[in-house]
Amino acid sequence: MAQQRTDPATGAHTALGIDVGGTGMKGGIVQLGAGPDTGQLVGKRYRIPTPKPAVPDTVAGVLAEIAAELDSRPEAPPATLMAGVCFPAAIQNGICRTATNIDRSWIGTDVDALFSEHLKRPVATLNDADAAGLAEVRFGAGRGVPGTVLVLTLGTGIGGGLFRDGELVPNLEPGTIELDGAIAEQRASASARERDGLDWPEYAERLQRYFSYVEGIFYPDLIIVGGGISKRPQDYLPLLRLRTPIVPAALQNNAGIVGAALWATDVMAQSPARASVLQTARRAADQEIARRVEADQAGTGRSATTGTGMAGGARQAAERAAAAETVASGTAGKAGKTAQGVTADKPGKQGKPGKASTAVQDKAARLRKKADKAAKRAAKAERKAAKEAQAVHKAMEKAIRRSSR
């Protein structure tokens, strides 16, 4: 098991970050804290093509593969610590709200809970462009820049992160702006350049139109261009004429990974949204316990780790006992009437309940006893399950507190 390597002098530590993209999903171990290597990947990143169709469970499965590979490395943080994931959609308190460049089945999905369940650890998710911007503002081209910084990522679509004095304004989604009768990212994204076969001067004309438009909306002090084309800034940046200084991203394609790791550790743990992350982690723990219960019941017909199966058995036994009592009561009443009739006709003889009534009453007594025992077992198992859930919750809270150091 990996051991967290935290330098007490600098607070340097590693964290897990994963970037979910339209064509590929990539993850890495990120060095955070103080020191010359902070904000850099430790070792190589690990990439798997994004599955098709990119529906929630399938993507979560690939995400778990990436996490497992990174966990196997000696420099990996403990698997109990929160991981960060950046995702190509607007994410509000862990819930996916848009589906511009992903499958529409994601809308309304609790992404934090889904990924937490598959990765077996708490996960904090944010928009991919927000993650890239966070990395650039903290470690890259926007480091130390006061005022408003706008980070625009050009790839399959157009993403954007807006920052005011280093603080993120989430879910900007500037690629969905309507410009010249079309959605902006349909004309100015990197994929649009490839689709339409544009050379760099032709593409720069579209970028000029788009950047001028957003410049007039946000009036930023700096624009940072990220995404795949940030590797070739000399092909288009010199052709642009803007009021605002514009520079390429320093972290390039690793920005999403770094920003996701940063979000999970330094930023998320200190933000007001921390409570919602804890709630999501607890919900993920509860889901995991429920999954184990279902697996138990499917394998044995009853649960050995929770009171759910036992409680059901207790209820059924109690119902059988109550039914037996009803039958016994009715039979005893009939027997009593019969006995009374016999006594009236033949004085000196005492009426006795019939054998059938006695047998039913005995059966009811046995069922009541069985129901009592089942109920006691259920209560004991439920207490055990509650303790297990509490232990999981405490472990997650401890992990989040440790991640904020």
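Every number in this text was worked out from the coordinates using simple rules, so none of it is lab data. Values in this document were obtained by computation on a predicted structure and should not be read as measured data. Please note: Cβ atoms are built from the backbone with ideal geometry, for glycine as well, and neighbour counts cover all protein chains shown.
When the Cα gyration tensor is reduced to axis lengths a ≥ b ≥ c, the ratio a/c is 1.5 or higher for segment 89-193, and with a/b not above b/c it is classed as oblate.
Take every DSSP beta bridge whose two residues both sit in segment 1-148; close to 65 percent of them are antiparallel.
The local environment of Leu179, defined by Cβ-Cβ distances under 12 Å, has a net charge of 0 under the rule Lys, Arg +1 and Asp, Glu -1. Annotation: peptides 59-72, 123-136, ranked by per-residue average of other Cβ atoms within 10 Å with the highest first, follow the order 123-136, 59-72. Rounded to the nearest 0.05, what FRET efficiency do Thr23 and Arg164 give with R0 = 35 Å and r taken as the Cβ-Cβ distance? Could you check? Working from the Cβ atoms, E equals 0.65. If a/c stays under 1.5 just call it rounded; otherwise compare a/b with b/c (prolate if a/b is bigger, oblate if not). Do that for segment 141-250, with a ≥ b ≥ c from the square roots of the Cα gyration tensor eigenvalues. Note, shape of segment 141-250 comes out prolate.
Projecting label points 7 angstrom from Cα along Cα→Cβ for Thr358 and Leu179 puts them 9.5 nm apart.
When each of Phe115, Phe163, Phe218, Phe139 is scored by the number of other beta-carbon atoms lying within 10 Å, the sequence from fewest to most is Phe218, Phe139, Phe163, Phe115.
Residue order for Asp199, Asp103, fewest other beta carbons within 10 angstrom first, comes to Asp199, Asp103. Under a 5 Å amide H cut-off, with hydrogens placed 1.01 Å from N, Leu32 pairs with His13, Thr14, Ala15, Gly39 among residues at least 5 apart or on other chains. Counted over segment 141-250, the DSSP beta bridges are approximately 55% antiparallel. Once you have a ≥ b ≥ c as the square roots of the Cα gyration tensor eigenvalues for segment 20-166, tell me rounded if a/c is under 1.5, and otherwise prolate or oblate according to whether a/b is larger than b/c. Verdict is oblate for segment 20-166.
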